[in-house]
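Please read the structure below before turning to the comments.
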Amino acid sequence: MKLGRAALGLLLLAPLARAVEPISLGLALAGVLTSYISYPRLYCLFAECCNHKRSLRREELQKDLDRKLFGQHLAKKVILNALTGFISNPKPKKPLTLSMHGWTGTGKNFASKIIAENLYEGGLNSHFVHLFVATLHFPHASNLTLYKDQLQLWIRGNVSACARSIFIFDEMDKMHAGLIDAIKPFLDYYDHVDGVSYQKAIFIFLSNAGAERITDVALDFWRSGRRREEIKLRDMEPALSVSAFNNKNSGFWHSSLIDRNLIDYFVPFLPLEYKHLKMCVRVEMQARGYDVDEDIVTRVADEMTFFPKDERVFSDKGCKTVFTKLDYYYDD
């Protein structure tokens, strides 16, 4: 009966397909269908199911972060403690909400990938991990109301199907102001919203907003001869929340998510130094099955550009283009 009603809903919504362009109608309807699977045990023999998620192990998460995320002692500590604490809590009061900030190439996307892989076998490809890219899924400001409705529908449908769903919002600095407030009820301290509990879901926001402030702090430490590992979260977090809230080019501009303190952690990603780029090159070599050649490691790192212009402390692209530059030396 439930499957029949879902099929009927598809037929009724089909004429609207041409009017829906961002989070496509097919995606939204897929969320509805997932909620209406009538025979979960049979279905789970052939497809990924929510109850097939991995058991999060603190030691394994720690190893992944140490092995794959470089120069980010603050981010690693926050992610490790926030995620393990949240998952181990059988009755959280609200969803876990992380807002990651920093320049391109510092590891924000990579960190979200590590989180997904430690919770689901399929990682970012899991049916229960949902990635939204602002410029792809929400391109037109004129469709803001439509996007809000679609976003609520998608999240509601997927959390109904799997309470431990993960939602990742990339390019928050390019998202239309006000759009993200549509999900505010889902992030708040409610036991249920329209009969659905969101308290075990995870929301991750990725943004360049506040990167200037992060760089200023890191540069001040470097100029004073202090190690970057001495930087504390308290040196960054308050300024990050204010920066995101007051940045008119940020999806968090005057957002109720910040105003109502619904973001659990503002996670700073520090700009990367020369030594961190070399770490990235070595890991990529190993991932491709090559022996680590320190001469090539140095040559790739030397080709990167750094700022400030006179001091050349931080990579202006992080590790983002390291992998393509490595292709040059292994071009068959």
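A short reminder: the numbers here are calculations on the coordinates, not readings from a lab. Just so it is clear, the structure is predicted and the values come from calculations on it, not from any experiment. Note that each Cβ is placed from the backbone with ideal geometry, even for glycine, and that neighbours are counted across all protein chains shown.
Using Cα positions and a limit of under 20 Å, work out the aspartates and glutamates in reach of residue 232, with same-chain residues fewer than 8 apart set aside.
By straight Cα distance, residue 232 reaches 66, 212, 216, 220, 264, 273.
Where does helix 25-35 land angle-wise versus the long Cα axis of the chain, in degrees 0 to 90, nearest 10?
The angle comes out near 70 degrees.
Rounded, prolate or oblate: which fits the range 93-166 when a ≥ b ≥ c are the square roots of the eigenvalues of the alpha-carbon gyration tensor, with rounded for a/c under 1.5 and prolate only if a/b beats b/c?
Oblate, because a/c is 1.5 or more while a/b does not exceed b/c.
Out of the range 230-332, which GluC sites (Glu not before Pro) are coil in DSSP terms and have no more than 10 other C-beta atoms within 10 Å?
none
Rounded to the nearest Å, what's the spacing between the alpha carbon centres of the range 263-316 and the range 106-136? Just the number, please.
When both Cα centres are located, 22 Å separates them.
Kindly state, to the nearest 0.05, the FRET efficiency for residue 63 paired with residue 121, given R0 = 25 Å and r defined as their beta-carbon distance.
After rounding, the FRET efficiency stands at 0.90.
Need one number: convex hull volume per residue for the range 132-183, Cα atoms only, in Å³.
Given the Cα convex hull of the range 132-183, per-residue volume reads 69 Å³.
Could you tell me the calculated FRET efficiency between residue 153 and residue 232, based on Cβ-Cβ distance and R0 = 41 angstrom, to the nearest 0.05?
0.50
Only bridges whose two residues both fall in the chain count here: according to DSSP, what percent of them are antiparallel, nearest 5?
15
Highest mean first, what order results for 232-241, 71-80 on Cβ atoms within 10 Å?
Top of the packing list down: 71-80, 232-241.
Please say if the range 200-277 is rounded, prolate or oblate, where rounded means a/c under 1.5 for a ≥ b ≥ c the square roots of the C-alpha gyration tensor eigenvalues, and otherwise the choice is prolate for a/b larger than b/c and oblate otherwise?
Prolate, since a/c reaches 1.5 and a/b exceeds b/c.
Give the angle, between 0 and 90 degrees and rounded to the nearest 10, that separates the Cα long axis of helix 73-88 from the longest principal axis of the Cα atoms of the chain.
Rounded to the nearest ten degrees, it is 30.
For the range 52-194, just say rounded, prolate or oblate: build the C-alpha gyration tensor, square-root its eigenvalues into a ≥ b ≥ c, call rounded for a/c under 1.5, and beyond that prolate if a/b exceeds b/c, oblate if not.
It comes out oblate by the Cα gyration axes.
Could you give the length gained on full extension between residue 299 and residue 191, defined as 0.36 nm per residue of separation minus the Cα-Cα distance, in nm?
Taking 0.36 nm per residue and subtracting the Cα distance, the gain is 33.4 nm.
Let me test this: with uniform point scatterers at the alpha carbons of the range 241-327, what is the Debye-based log₁₀ I(q)/I(0) at q = 0.26 1/Å?
Ignoring solvent entirely, the Cα scatterers give -1.17.
Let's test the formula: R0 of 22 Å, r as the Cβ-Cβ distance of residue 184 and residue 80. What FRET efficiency results, to the nearest 0.05?
With R0 = 22 Å, the Cβ-Cβ based efficiency is 0.20.
What is the spin-label model distance, in nm, from residue 54 to residue 220 if the labels are put 7 Å beyond Cα along the C-beta direction?
Distance between the two pseudo-spin positions: 3.8 nm.
Taking 0.36 nm per intervening residue step and subtracting the Cα-Cα distance, what contour gain separates residue 310 from residue 212 on full extension?
Extending this stretch completely gives an extra 33.5 nm.
Compute the semi-axes of the equivalent ellipsoid of the chain, taking the square root of 5 times each eigenvalue of the Cα gyration tensor, and list them largest first in whole Å.
The three semi-axes for the chain are 36, 23, 20 Å.
Is it possible to state the helix-based mean residue ellipticity at 222 nm for the chain, with each DSSP H run of 4+ residues giving -39500 (n - 2.57), the sum divided by total residues, to the nearest 500 deg cm²/dmol? What is it?
Value at 222 nm, helices only, nearest 500: -13500 deg cm²/dmol.
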